[in-house]
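The values are calculated or read from the model by the stated rules, or taken from the named source; none is laboratory data. These numbers come from a predicted model, not from an experiment. No Cβ is skipped: glycine too gets one built from the backbone with ideal geometry, and neighbour counts run over all protein chains shown. Please note that ligands, DNA and RNA were not included when accessible areas were found on the heavy atoms of the full protein model with its side chains. Shrake-Rupley method; radii C 1.70, N 1.55, O 1.52, S 1.80 Å.
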Amino acid sequence: MSAVLDVEATVGATSVATARRTEVAAEAAPTTTIAIVLLGTGVVGGALLKLLNTPAAAKVRLVGAANSRRQQTDATSLASRSLREQLNSQGAARDNAILLAALDASGAASKVIVDATASTSLASRHAEWLALGYHVVTANKALAGGELPSWRALQAALANGGRYGDSATVGAGLPVLSTLRRLRTCGDSLLTLEGVFSGSLSWLFNQYDGSRPFSALLREARKLGYTEPDPRSDLSGEDVARKLLIIARNAGFSLGTDEVDVQGLVPQSLRALGAEAFLARLEELDEPIAELHAEAKSRGCVLRFLARLNQRGRARVGLVEVPLTHSAARLYGTDNQFALTTTRYNTQPLVIQGPGAGPEVTAQALLGDVLALA
Ligand SMILES: NC(=O)c1ccc[n+]([C@@H]2O[C@H](COP(=O)([O-])OP(=O)(O)OC[C@H]3O[C@@H](n4cnc5c(N)ncnc54)[C@H](OP(=O)(O)O)[C@@H]3O)[C@@H](O)[C@H]2O)c1
């Protein structure tokens, strides 16, 4: 805009000013090279919709959006700032074929399906979509961190030239998978992996010092939005196990889900309850954790919920004690930490650390993977 005003003031000739204005407008005009369909307009999908309205996403055109019940392909509705709210009451019934047809009709060079859900049934379609020539960008871990045959089907589908943007599946976009791939491209290989892969479990054990019951901290974490509405999703360790599988598989370890030893924090007696009943009995978690904490403290250690992969491919997830000198003992807030020992980083691990949860950073990871397709 300031360029247009300068031209008008200096030259004073309307035709020149108009020509320059057109030129500036053309420079600023978005060139759509990427069309996307967004599946999931929850916390992460909602944050991505906001990012799509920024200049960084000028090359990206949203041609369809859906939640679990409704979808929209109408351009005016998709451009609305209240699209997310509208989808709660308006829009067509869910039909993936219509969303794919909107991608086909876009004429864009890259056609991308962005999965911002946790849906296993949508994840099971990723390989099929790749085989059909679409790219897939996902925050959904259910495929890459799921059953091994499905991971293998994904690798086979990728051989057809489709791209799978998975940055958001681990560490909410911290550069873990990209770093690992870069190292592998250079002939380096992962030897061991260790870290804190859950923002909520990181926060809980960074805070816990025995002065407040674990259940009180858990209620606070839930209130702050750090845990899932049913905190057993976090406490079970299953989400951490999925992230461990994703990293391990990307490093060349063909691990099955049954090859990760997961020691979750939910006792058998609380597993089958409804969410409300579980929340009413959180105090039952207190004593076992207080005992483990006291034992750890007596040895000068603290508790951390770690994921570990050793050189023989043995994968474990659970609560362990670590000395105060351990890097995981010095985490802050909801930080994640990934310590990679590789053939070349073998005296000290390569450590990637930072906020490992949050809608803005996760949505940014999705956008980054989408833009990388241009
Ligand atoms: N939140 C984070 O900080 C974070 C960080 C990293 C990764 N992730 C991952 O990102 C994904 C989304 O997380 P979130 O926190 O945004 O979850 P969320 O708020 O629960 O949103 C999930 C969205 O998915 C929609 N959905 C479910 N099944 C669908 C289907 N079959 N078709 C279309 N939409 C469907 C839901 O629709 P309804 O509204 O109709 O239920 C909802 O809009 C998850 O896989 C999560 O693990 C989240």
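Points worth noting:
- Given charges at Cβ of Lys, Arg, Asp, Glu: region 178-355 dipole, positive-most of LEU303, LEU191, PRO231: LEU191
- Set the Cα radius of gyration of region 121-189 against 2.2 N^0.38 Å, with N its number of residues, and you get 1.11.
- Per-pair calculated FRET efficiency, R0 = 35 Å: ASP74 and THR192 via Cβ, rounded to 0.05: 0.10
- Shape analysis of region 283-365 places it in the oblate category; the axes a ≥ b ≥ c from the Cα gyration tensor give an a/c of at least 1.5, with a/b not above b/c.
- The modelled label-to-label distance for the pair ALA275/ALA159, using points 7 Å beyond Cα in the direction of Cβ, is 4.2 nm.
- Placing +1 on the Cβ of every Lys and Arg and -1 on the Cβ of every Asp and Glu, with nothing else charged, gives region 178-355 a dipole about its Cα centre of roughly 800 debye.
- The listed residues SER77, SER150, once ranked by accessible area (1.4 Å probe) with the largest placed first, stand as SER150, SER77.
- Computed E for ASP258/ARG184 - FRET, C-beta separation, R0 30 angstrom, nearest 0.05: 0.75
- Projecting label points 7 angstrom from Cα along Cα→Cβ for TYR332 and GLN207 puts them 1.7 nm apart.
- Overall, the chain carries a charge dipole of about 580 debye about its Cα centre when +1 sits on the Cβ of Lys and Arg and -1 on the Cβ of Asp and Glu, all other atoms neutral.
- Reachable lysines from LYS59, criterion Cα separation under 20 angstrom, eight or more residues apart if same chain: LYS50, LYS111
- Rounded to 5, the percent of DSSP beta bridges in the chain classed as antiparallel: 55 percent
- Projecting the Cα atoms of GLN353, HIS126, SER110 onto the charge dipole of the chain (Cβ charges, centred on the Cα centre) puts SER110 farthest toward the positive pole.
- A straight chain from LYS50 to LEU292 at 0.36 nm per residue would run longer than the Cα-Cα distance by 82.8 nm.
- Region 233-374: relative contact order in percent, alpha carbon pairs under 8 Å with at least 6 residues between: 19 percent
- Alpha-carbon Debye profile of the chain, log10 I(q)/I(0) at 0.08, 0.13 Å⁻¹: -0.48, -1.08
- Pairs of Cα atoms farther than 19 Å apart, region 79-146, %: 42 percent
- The accessible surface of region 178-355, taken with every protein chain in place and a 1.4 Å probe, is 49 percent carbon and sulfur.
- If you take the alpha carbon atoms of region 178-355 and fit the smallest convex hull around them, that volume is 118 Å³ per residue.
- Taking all protein chains into account, the per residue accessible area for region 178-355 stands at 49 Å² (1.4 Å probe).
- Entry note, the chain: the mean residue ellipticity at 222 nm calculated from DSSP H runs of n ≥ 4, each adding -39500 (n - 2.57), is -11500 deg cm²/dmol after division by the residues and rounding to the nearest 500.
- Rel. contact order, % - alpha carbon contacts under 8 angstrom, at least six apart, the chain: 19 percent
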